[in-house]
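The values are calculated or read from the model by the stated rules, or taken from the named source; none is laboratory data. Quick caveat: nothing in here was measured; it's all calculated off a predicted structure. FYI the Cβ positions are ideal-geometry reconstructions off the backbone, even for glycines, and counts take in every protein chain you see.
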Amino acid sequence: MPSLASSTTAADRPGSKGTVSVLLAAHNEAATIASVIAGVRTVLPDALEVVVVDDGSGDATAALAEAAGARVIRLHPNRGKGVALRTAIQASHGDWLVLIDADGQDDPADITLLLAATGDGVAMVNGSRFIGRLHRGAISLPNRLGNLAFTGLLDLLYGARITDSQAGFRAVRGDLARGLELSSVEYEIETEMLAALLRSGLRVVEVPVERYPRGGGETDFRRVRNGLRILRTMISGRLRRR
């Protein structure tokens, strides 16, 4: 698990502009949600808001998130990560939105790197695990190979130079994110968002981040099912007009 970083104020974040909302989609993440929120608050004590969308959890995720100081939106029944993130985005108010996983795999300390890259003309900063550091057990070999294959295809289709198309840890301009016509239900949300920005000719940059094994619980990701949804989203997005 990542360690908590020292606090950083807005004035200490070169490149950051305006207010920051931190968004988490969570489904049965009681083992990690409180520590992730605590890490976020340590790094961003001046964050405008921390929004957790509890996606039909059967455990204490929502209660623990509220106790940790987050604003919690409850969905019932479980709707999928895409629905949860779309809900969080539309409920947000920040000039910049930081999306971070609720399972403890992302290091909140790396938020500083994301925000430092939000210079003029940048629409989104992608936190890439593949130019950063993957700790042992952070990703299975089949998932890693599949991710790299999808990333290569996305680069080919969109003329991009992205290294981690499925990164869930990213910072995106709030006005752009809230204006996107997203329709993803599950894990294709990261691809849909990235493809929409690239298709519109907007600037996406990457920074290296660390990735740890899950801090508890089980992933809802299903390799074949979600892989096919990601592939369909990538191709259909390329066929759409700007």
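Structure summary
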read-out: Failed condition for G152, given (1) surrounded by 17 or more Cβ atoms within 10 Å (Cβ to Cβ); (2) free of Cβ contacts under 8 Å to residues at least 12 places away in the same chain; value: (1)
read-out: Set V224, V207, V185: member being within 25 Å of V83 (Cα to Cα), hydrophobic (A, V, I, L, M, F, W, C) and under 15 Å from the mean Cα position of the chain (by Cα); value: V185
read-out: Every residue from the stretch 170-197 that is outside any helix (DSSP H, G or I) and over 21 Å from L48 (Cα atoms); value: L180, E181, L182, S183, S184, V185, E186, Y187, E188
read-out: Some residue of the stretch 61-73 being under 23 Å from S165 (Cα atoms) and either crowded, with 18+ Cβ neighbours inside 10 Å or touching a Phe, Trp or Tyr at 6+ places or on another chain (Cβ under 6 Å) (or both); value: no
read-out: Some residue of the stretch 210-228 being of a type in the set (V, I, T), touching a Gly at 6+ places or on another chain (Cβ under 6 Å) and either touching a residue at least 24 places away in the same chain (Cβ under 8 Å) or within 19 Å of A102 (Cα to Cα) (or both); value: no
read-out: Number of positions in the stretch 111-125 that are farther than 18 Å from E49 by Cβ and surrounded by 24 or more Cβ atoms within 10 Å (Cβ to Cβ); value: 2
read-out: Those helices (runs of 4 or more DSSP H) lying entirely in the stretch 73-169 with at least 3 residues within 22 Å of V224 (Cβ to Cβ) and at pLDDT below 95; value: 141-158
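Yes or no, residue by residue, for (1) surrounded by fewer than 18 Cβ atoms within 10 Å (Cβ to Cβ); (2) part of a helix (DSSP H, G or I):
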site: S21; (1), (2): no, no
site: G39; (1), (2): no, yes
site: T42; (1), (2): yes, yes
site: V50; (1), (2): no, no
